Amino acid sequence: MKNYDHKKIEKKWQKDWKETEIYKTLNSSKNKKMYVLDMFPYPSGVGLHVGHPRGYIGSDVYARMKRMGGYNVLHPMGYDAFGLPAEQYALQHKIHPKKAVEENVKTFERQLSIIGLSYDWSRKVNTTDPKYYKWTQWIFLEIYNSWYDNKKGKARKIDELVSIFEKTGNKNINASCSNDISVFTAKNWKDFSKKEKQDILMKYRLAYEGYSEVNWCPQMGTVLANDEITTDVKGDIVSERGGYPVEKKSMRQWFMRITAYADRLISGLDRLEWSSHIKEIQKNWIGKSEGALLKFPVKNIGGEIEVFTTRIDTIFSGTFLILSPEHQFINKNKINIENFSEFEKYLEIVKNKTEEERIDKNNKTGIELKGIKVINPATGFEIPVWVSDFVIASYGTGAVFADAHDKRDFDMAKKYNIPLCVSIKPQDNSLFEKIKNFEECFEEEGILFNSGTFDGLTSKEARSKITEWLASKKLASKTIKYKMRDAVFARQRYWGEPIPLKHDKDGIISDLKLKNLPLELPNVKSYEIMGTGESPLAGVKSWVKEGYETNTMPGWAGSSWYFIRYMDPTNNKEFASKKAIDYWNQVDMYVGGAEHATGHLLYSRFWNNFLYDMGYISFKEPFKKMKNIGMVLATDGRKMSKRWNNVVNPDDIVSNYGADTLRVYEMFMGPFDQSLPWSTESIIGSRRFLDKVFRLQNKISNKNSNIEIEKVFHKTIKKVSEDIENFSFNTAISSMMVLVNEMEKNENINKKDFKMFLQILAPFAPHITEEIWQNLGEKRSIHTSSWPKYDKKKIIDDMIKIAIQVNGKVRSEIDINKDISEEKIKKIVINDKNVVAWIENKLIKRIIYVKGRIVNIVV
RNA sequence: GCCCGAGUGGCGGAACUGGUAUACGCGCACGACUUAAAAUCGUGUCUCGUAAGGGAUGUGGGUUCGAUUCCCACCUCGGGCACCA
């Protein structure tokens, strides 16, 4: 027998598989379908390290098992090549991004091709291909031309909104919209000018232009979404990519009204088989708070200030109000504020604060609005109104009521000597009675600690009672608020999908029609950032002359729907045919990093929900099951990086040990979802395993296996099948190692049994198994053979080993028949020679027998 | 500060639903083969103890006949959110 020559074997079979197209997805409507998807990569310039393919190998193992299990498997790969990473790379290397992407894709494909992944490459997509982004632009326009009807709980065409406006105005509309909407009636909709109509509709569109504080990154010359920024070690806000400083800046921007879907993005999680960890992150990010809107009437002036709270049960101790410095009330009531000039000074200070000072929790600053008093709706007391920058304008109503329970409010009150009051204990169940107690509190120089809760009520019950009570006086209403903000959908950069809109000289926006798509990105020489806050496209004369939008779409646009395109990747008439969409449905198994929890995974769900609302797709959620891949760290435990000079290149591993060894090792090194350090020493174990498998060919014969090893075969098939299903690849391999060690002890191995073993190893080590399989006389690929089934009868042991404990400590071990009666076993154990010494002269209190596992004698 | 997750040999890790803790692999030690080395194969490898036996799954408690697994408190590490009312 020849030695295991991985180079020869791997080259041979990779060529063969390519020629025979065994991994090609069928278009037929075979009813067992399985969509196994990897998060597609952005092709970076530096090439792959050994950690990148780990996820692809895992999904490949899964896809291969499913293929052998008779499924029509869709397992594609593509490129997410628009966006900042690709463009930054291009700028640094002074290559046009288009060219850079082409080159990087080549490197990527060369590196991936030698690993033996079973992709159907004919379905490859690339987000920068105009044939692809034609449909990204189309989806954008669909979103742009839609609004969200809260009553129906779904998105609808903007035309339907216009006809409602024509008939009844917007008085009775319950829609997700920008919050500065003024009410108009049916009578005046037609009286609005074209521009006015546009402005009103813009407040309802799901993709809209708005004015908002955004994350501006001067060095990158663009705005960034909340999930694209992070804090560095010093606590400063920086860009996730590159670590450049980011500042808050008010700008006109395109947004996506993802907040309209906030509730569905939370409730939809219940349908998904994702790790609870990712679900938790998304829930946190969306940040749902159930509470109440409270009205504080303004004394003498009239009107009221609205406040959002989740703790209405603390309203009786609310002794002042705090507004954010940007709150509209302040400017509207300039003349009534006695110390307005002082306020202006404060505002100036706030504006000049650095990010670090602004988020300093230990140093609250504020100013009282003199001459303004509001009424606490629960107590009827006049309370003062303050302004402080710790109150955030964009959350809730930009105003809070303050009470001593809240640490921030408490700090503020202590610093400025504002009266406080703590925990009123009502004397009876009537809420009105509590007001009496409140008076007492005030008299004690501001603070009175009078602990206790509402009689017989949990704080939750108290909340709903108080809300009801104040609601009956029209002073409160139940409300839900979310932390999540609408997503900024524009980048002032060159390398992205153009937004398919035109502006005429009067500022009227028109959308491109499908027949005019794609709106291709102009091929320019200079794509450097402008530094003015404008996109490089603003410098392209022909572009500007046509009135095209100069911002481009963010990186997440193309990746928010690519999983649909794979279903029908070359369709030129639709983003994908109805037939293909209905057949493939959701992604059954999605594999990728957990770092996309608040970005890609949320945006995809948002777009998917939208497309579902519009009836284009039949599934509510894009990714039914998801498995997250842990990072492969360098041997020193740090991230693999050029900077640390600790990068392990998969090419070297493939060349030295073979692709199969790389695959087996990456699956064996530890749990799939766990971050693990690479070990240059340990990989040899996986190679030795495959060497053993190769050598076992010498022992194959047609003689029957003995019963013992036959059992191990069948148990291993069961274990490996289950483990692959659960992505427990490390234990699947360890059980196969056990089997191989057993086989080595035997003189002969039955050919049929050995072939079953090859089949369950095939997803992990496709090349070597194919080689041996065909050495054994098979003419067709092992990878299109049928997944072996274990024989239930053959995994049952007649004789089993069980442990005997005395008082919970193992003292002996016996072999018994599995069906032995409890009576018999009890007799056996108390006479066992190893046990006798421990129970002599002692009273046996109990004997516990757990069938097939253990006997415990209690003395 | 709040919300998750995890702590098991020298190392990566295994252990079903509470039932023989340390499977599998690496490393290490010894042995076989070899002139020798590599490769390969075999034996051993949590710890204290000559042994009998005792002790170990981050720490301390609890529940149980029995706890890595369940409960409580704490410590350490990782992740997410964060002046979000």
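The table that follows gives values for the structure above.
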read-out: Nearest-0.05 FRET efficiency for A:Asp791 and A:Glu823, computed from C-beta distance (R0 25 Å); value: 0.20
read-out: The stretch A:502-565 and the stretch A:221-299: distance between their alpha carbon centers, rounded to Å; value: 26 Å
read-out: Under 18 Å from the Cα of A:Lys32 - lysines, other chains or at least 8 residues apart; value: A:Lys24, A:Lys66, A:Lys579, A:Lys624, A:Lys625, A:Lys789
read-out: Listed residues A:Ile581, A:Ala557, A:Ser324: farthest to the positive end of the dipole of chain A (Cβ charges); value: A:Ile581
read-out: Loop-located trypsin sites (Lys or Arg not before Pro) in the stretch A:1-72, at most 15 other Cβ atoms within 10 Å (DSSP); value: A:Lys2, A:Lys24, A:Lys30, A:Lys32
read-out: C-alpha center-to-center spacing [the stretch A:172-187, the stretch A:1-43] in angstrom; value: 56 Å
read-out: Area of A:Ser618 that stays accessible when all protein chains are in place (1.4 Å probe, Å², to 10); value: 60 Å²
read-out: Simple spin-label estimate for A:Ser477 and A:Ser193 in nanometres, 7 Å along Cα-Cβ; value: 3.3 nm
read-out: Heavy atoms of A:Thr680: accessible area, 1.4 Å probe, square angstrom to 10; value: 90 Å²
read-out: Inter-probe distance in nm under a simple model that places probes 7 Å from Cα toward Cβ, at A:Leu633 and A:Glu306; value: 4.9 nm
read-out: Positive-end residue, chain A charge dipole about Cα centroid, Cβ charges, pick of A:Tyr35, A:Tyr616, A:Val859; value: A:Tyr35
read-out: Global form of the stretch A:1-120, assessed from the alpha-carbon gyration tensor, a/c cut-off 1.5; value: oblate
read-out: Added length on full extension, which subtracts the Cα-Cα distance from 0.36 nm per residue, A:Arg358 to A:Lys288; value: 22.8 nm
read-out: FRET E, pair A:Ser212, A:His277, Förster distance 22 Å, beta-carbon r, rounded to 0.05; value: 0.10
read-out: Approximate spin-label separation A:Lys620-A:Glu461, in nm, with each point projected 7 Å along Cα-to-Cβ; value: 3.3 nm
read-out: Stretchable slack from A:Asn831 to A:Lys18, in nm (0.36 nm times residue separation minus alpha-carbon distance); value: 286.0 nm
read-out: Debye intensity ratio I(q)/I(0), log10, chain A, q values 0.04, 0.07 Å⁻¹ (C-alpha model); value: -0.26, -0.74
read-out: DSSP beta bridges in the stretch A:720-859 [antiparallel fraction, %, rounded to 5]; value: 75 percent
read-out: Trypsin sites (Lys or Arg not before Pro) lying in DSSP loop within the stretch A:761-820, provided at most 16 other Cβ fall within 10 Å; value: A:Lys779, A:Arg780, A:Lys789, A:Lys818
read-out: Label-zone membership for the stretch A:197-225, site A:Leu347, 7 angstrom Cα→C-beta point, backbone N under 19 Å; value: A:211-214
read-out: Solvent exposure of the stretch A:652-801 as accessible area per residue, Å², 1.4 Å probe; value: 44 Å²
read-out: Computed accessible area, A:Lys151, all protein chains, 1.4 angstrom probe, square angstrom; value: 140 Å²
read-out: Within the stretch A:595-632: backbone nitrogen closer than 20 Å to the A:Ser29 label point (7 Å, Cα to C-beta); value: A:616-619
read-out: Estimated dipole of the stretch A:731-859 in Debye, rounded to 20 [Cβ of Lys and Arg +1, of Asp and Glu -1, Cα centre]; value: 600 debye
read-out: Separation between Cα centres of the stretch A:580-632 and the stretch A:49-92, rounded to whole Å; value: 15 Å
read-out: At R0 = 30 Å, FRET efficiency that the Cβ-Cβ distance of A:Asp129 and A:Glu528 yields, to 0.05; value: 0.80
read-out: Extension gain from A:Glu710 to A:Ser122, taking 0.36 nm per residue of separation minus the Cα-Cα distance; value: 207.5 nm
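The values are calculated or read from the model by the stated rules, or taken from the named source; none is laboratory data. Treat the numbers as computed from the prediction; the structure is a model and nothing was measured. We place every Cβ from the backbone using ideal geometry, glycine too, and count neighbours over all the protein chains shown. These accessible areas exclude ligands, DNA and RNA; they are computed on the full protein's heavy atoms, side chains included. Shrake-Rupley method; radii C 1.70, N 1.55, O 1.52, S 1.80 Å.
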